[in-house]
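Data block below; observations after.
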Amino acid sequence: MNVGHEVLMKACDCEEIGPDVFRIQLSAYGETAPSYHAGQYLRLLLADGSMKSYSIASAPESGVIELQVLAPRNKGSERPTLDYFLRSSWLQCRMPYGTCRLPEGDDAVLMIAGGTGIAQMKSMIDSSIAKNEQREIWLYWGGKHRDSLYLHDELHSIS
């Protein structure tokens, strides 16, 4: 069973990187990012007591926690999801969760993602690069429109 540990974090940086998609960097209380494996996710405790899961987009070797959050507008200009990240002093999270990881060894890997599902793939690709692995990684990423592929240039530059 995969049980996460409670971690307090706050949003320290936010950047719009695509249509309604924001890169949010979190800093952990005590300034030490919790350990996790590339491909895992965290769960955020919301104000109503429910939990929302977000794939971690950063590689563990980076020392930061990055999320790619879909935050569409509601009622014209409101973005409740984004507002929650930015207005909360501290965010209660549990992490890490998930068993999606690159397999051991040098075998080629095929990844398929849609929309913000690219986050965990980016984490694994960045981790593989940080470890100087020589395996081939093939990525197929789909979206509704070309501008939905908000990391196209960044990912294409590492091919």
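The values are calculated or read from the model by the stated rules, or taken from the named source; none is laboratory data. On a predicted model such as this, the values are computed, not experimentally measured, just so you know. Positions of Cβ are backbone-derived with ideal geometry, glycine not excepted, and every protein chain shown enters the neighbour counts. In case anyone asks, the SASA skips ligands and DNA or RNA and just uses the protein heavy atoms, side chains included. Shrake-Rupley method; radii C 1.70, N 1.55, O 1.52, S 1.80 Å.
Say whether the condition of being hydroxyl-bearing (Ser, Thr, Tyr) and free of Cβ contacts under 8 Å to residues at least 60 places away in the same chain is met by at least one residue in the range 103-125. Write out each step before concluding.
Applying the first criterion (hydroxyl-bearing (Ser, Thr, Tyr)) to the range 103-125 yields 116, 123.
Checking the rest, the ones that are also free of Cβ contacts under 8 Å to residues at least 60 places away in the same chain come to none.
No; the residues of the range 103-125 include none that is hydroxyl-bearing (Ser, Thr, Tyr) and free of Cβ contacts under 8 Å to residues at least 60 places away in the same chain.
Select from the range 1-12 the residues that are closer than 29 Å to residue 147 by Cβ and crowded, with 16+ Cβ neighbours inside 10 Å and list them in ascending order.
Of the range 1-12, the ones closer than 29 Å to residue 147 by Cβ are 11-12.
Hit for the range 1-12 is 11, nothing else.
List the residue pairs whose Cβ atoms are under 8 Å apart, where the first residue sits in the range 23-49 and is assigned to a strand (DSSP E or B), the second is of a type in the set (Ser, Thr, Tyr) and open to solvent by 60 Å² or more (accessible area, probe 1.4 Å), and the two are 6 or more positions apart or on different chains.
41/53; 42/53; 43/53; 44/53
Could you pull out the residue among 69, 7 that is more than 19 Å from residue 120 (Cα to Cα), in contact with a strand residue (DSSP E or B) (Cβ under 8 Å, 6 or more places away or on another chain) and of a type in the set (Val, Ile, Thr)? Can you show your working first?
Working: 69 fails: more than 19 Å from residue 120 (Cα to Cα).
When all the criteria are applied, what remains is 7.
Kindly provide the set of residues from the range 13-31 that are within 13 Å of the chain's Cα centre (by Cα) and open to solvent by less than 20 Å² (accessible area, probe 1.4 Å), ordered by number.
Once the filter is applied, which keeps residues that are within 13 Å of the chain's Cα centre (by Cα) and open to solvent by less than 20 Å² (accessible area, probe 1.4 Å), the range 13-31 yields 21, 22, 24, 26.
On the given criteria, is residue 137 over 23 Å from residue 14 (Cβ atoms) and either touching a residue at least 24 places away in the same chain (Cβ under 8 Å) or among the charged types (D, E, K, R) (or both)?
Details: over 23 Å from residue 14 (Cβ atoms): yes; either touching a residue at least 24 places away in the same chain (Cβ under 8 Å) or among the charged types (D, E, K, R) (or both): yes.
Here the answer is yes, as residue 137 does meet what is asked.
Every residue in the range 140-156 that is among the hydroxyl-bearing types (Ser, Thr, Tyr) and either on the phi > 0 side of the Ramachandran plot or open to solvent by less than 100 Å² (accessible area, probe 1.4 Å) (or both), please. Walk me through how you get there before you give the answer.
So the first thing to find is which residues in the range 140-156 are among the hydroxyl-bearing types (Ser, Thr, Tyr), and the list is 140, 148, 150.
148, 150 - these are the residues of the range 140-156 that are among the hydroxyl-bearing types (Ser, Thr, Tyr) and either on the phi > 0 side of the Ramachandran plot or open to solvent by less than 100 Å² (accessible area, probe 1.4 Å) (or both).
Which pairs do you get when a residue that is under 13 Å from residue 22 (Cα atoms), found in the range 70-94, comes within reach of a residue that is assigned to a helix (DSSP H, G or I) and open to solvent by less than 60 Å² (accessible area, probe 1.4 Å), reach meaning Cβ atoms under 9 angstrom, with the pair 6+ apart or on two chains?
So the pair list comes out as 70/81; 70/115; 70/116; 71/81; 71/82; 71/83; 71/85; 72/81.
Step by step: first the residues of the range 56-97, then only those that are modelled with pLDDT under 95 and of a type in the set (Gly, Ala, Ser), then the one that is farthest from residue 148 (Cα to Cα). Which residue is that?
That would be 89.
Among the numbered conditions (1) over 28 Å from residue 152 (Cβ atoms); (2) of a type in the set (Val, Ile, Thr); (3) touching a Leu at 6+ places or on another chain (Cβ under 9 Å), tell me where residue 32 comes up short.
Among (1) over 28 Å from residue 152 (Cβ atoms); (2) of a type in the set (Val, Ile, Thr); (3) touching a Leu at 6+ places or on another chain (Cβ under 9 Å), residue 32 violates only (3).
Could you say which residue among 97, 41 is more than 16 Å from residue 17 (Cβ to Cβ), under 13 Å from the mean Cα position of the chain (by Cα), of a type in the set (Ser, Thr, Tyr) and open to solvent by 30 Å² or more (accessible area, probe 1.4 Å)?
Details: 97 fails: open to solvent by 30 Å² or more (accessible area, probe 1.4 Å).
The unique qualifying residue is 41.
Have a look at 137, 112, 129 and point out the one that is surrounded by 13 or more Cβ atoms within 10 Å (Cβ to Cβ), modelled with pLDDT of 90 or more, in contact with a strand residue (DSSP E or B) (Cβ under 6 Å, 6 or more places away or on another chain) and farther than 14 Å from residue 22 by Cβ. Before the answer, list the steps.
Numbers: 112 fails: surrounded by 13 or more Cβ atoms within 10 Å (Cβ to Cβ); 129 fails: in contact with a strand residue (DSSP E or B) (Cβ under 6 Å, 6 or more places away or on another chain).
Being surrounded by 13 or more Cβ atoms within 10 Å (Cβ to Cβ), modelled with pLDDT of 90 or more, in contact with a strand residue (DSSP E or B) (Cβ under 6 Å, 6 or more places away or on another chain) and farther than 14 Å from residue 22 by Cβ holds for just one of 137, 112, 129, which is 137.
Determine, yes or no, whether residue 83 is part of a loop (DSSP other than H, G, I, E, B), out of contact with any strand residue (DSSP E or B) (no Cβ under 7 Å at 6 or more places or on another chain) and open to solvent by 30 Å² or more (accessible area, probe 1.4 Å).
no
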